[in-house]
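K.L.:
Have a look at this one.
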Amino acid sequence: MSLRGTSSTRSPQMTIATTDKTGARTPEAADVIEGARDRIDALDDRIIGLVQERMAVSAVIQEARIGSGGRRVNLSREMEVLGHYRDALGKPGTSLAMTLLELCRGRV
């Protein structure tokens, strides 16, 4: 049974269950929040897939660099990545970039 309808015949307990889950105070707001959360979940799935793809591409780069006698990590490139994220997203972008770089290092 779905709690997402907008019927005026809904019992008070159904409204409470809907709004408790979302923090909304009306069933209509709860519907908006649930729909937006579904969209966020879909975006998160795409972001996770892109991070996994980035990790795979990074592994290819590391293999080529190490195979040619280079180091696993290129610090000047990492600084470029950090700057790019900082410029696009502000200070929290730097933290996000550091996390991505950490995920992508040393997988070879």
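The values are calculated or read from the model by the stated rules, or taken from the named source; none is laboratory data. It should be emphasised that the depicted structure is a prediction, and the values quoted were computed from it without experimental measurement. Here Cβ is always computed from backbone atoms with ideal geometry, including for glycine, and neighbour counts include all displayed protein chains. The area values use the complete protein model at the heavy-atom level, side chains included, leaving out ligands, DNA and RNA. Shrake-Rupley method; radii C 1.70, N 1.55, O 1.52, S 1.80 Å.
K.L.:
Just to check your reading of the model, which residue among 37, 25 is open to solvent by 90 Å² or more (accessible area, probe 1.4 Å), modelled with pLDDT of 95 or more and not hydrophobic (A, V, I, L, M, F, W, C)?
P.N.:
Matching residue, one of 37, 25: 37.
K.L.:
State all residues of region 72-86 that are touching a Gly at 6+ places or on another chain (Cβ under 7 Å) and assigned to a helix (DSSP H, G or I); if no residue qualifies, say none.
P.N.:
85, 86
K.L.:
Note down all Cβ pairs under 7 Å where the first residue falls in region 51-74 and is under 17 Å from residue 98 (Cα atoms) and touching a residue at least 40 places away in the same chain (Cβ under 8 Å), the second is assigned to a helix (DSSP H, G or I) and open to solvent by less than 80 Å² (accessible area, probe 1.4 Å), and they're at least six residues apart or on different chains.
P.N.:
Once the first residue is under 17 Å from residue 98 (Cα atoms) and touching a residue at least 40 places away in the same chain (Cβ under 8 Å) and sits in region 51-74, its partners that are assigned to a helix (DSSP H, G or I) and open to solvent by less than 80 Å² (accessible area, probe 1.4 Å) give 51/100; 51/103; 54/100; 54/104; 55/103; 55/104; 58/104.
K.L.:
I need the full set of residues from region 62-92 which are of a type in the set (A, V, I, L, M, F, W, C) and more than 14 Å from residue 104 (Cα to Cα), in order please.
P.N.:
Residues satisfying the conditions are 64, 66, 79, 88, 89.
K.L.:
What pairs come up if the first residue lies in region 83-101 and is farther than 17 Å from residue 54 by Cβ and of a type in the set (Lys, Arg), the second is open to solvent by less than 80 Å² (accessible area, probe 1.4 Å) and at pLDDT 95 or above, and their beta carbons are under 7 Å apart, counting only those six or more places apart or on different chains?
P.N.:
Here the result reads 86/93; 86/94, each pair linking region 83-101 to a residue that is open to solvent by less than 80 Å² (accessible area, probe 1.4 Å) and at pLDDT 95 or above.
K.L.:
In region 43-72, how many residues are surrounded by 13 or more Cβ atoms within 10 Å (Cβ to Cβ), of a type outside the set (Asp, Glu) and out of contact with any Lys or Arg (no Cβ under 6 Å at 6 or more places or on another chain)?
P.N.:
7
K.L.:
Can you tell me how many residues within region 73-93 are surrounded by 10 or more Cβ atoms within 10 Å (Cβ to Cβ) and of a type in the set (Ser, Thr, Tyr)?
P.N.:
Residues meeting the conditions: 1.
K.L.:
Considering each of 71, 105 in turn, give the residue that is modelled with pLDDT under 95 and under 21 Å from the mean Cα position of the chain (by Cα). Outline the logic, then answer.
P.N.:
On the way: 71 fails: under 21 Å from the mean Cα position of the chain (by Cα).
Exactly one residue qualifies, and that residue is 105.
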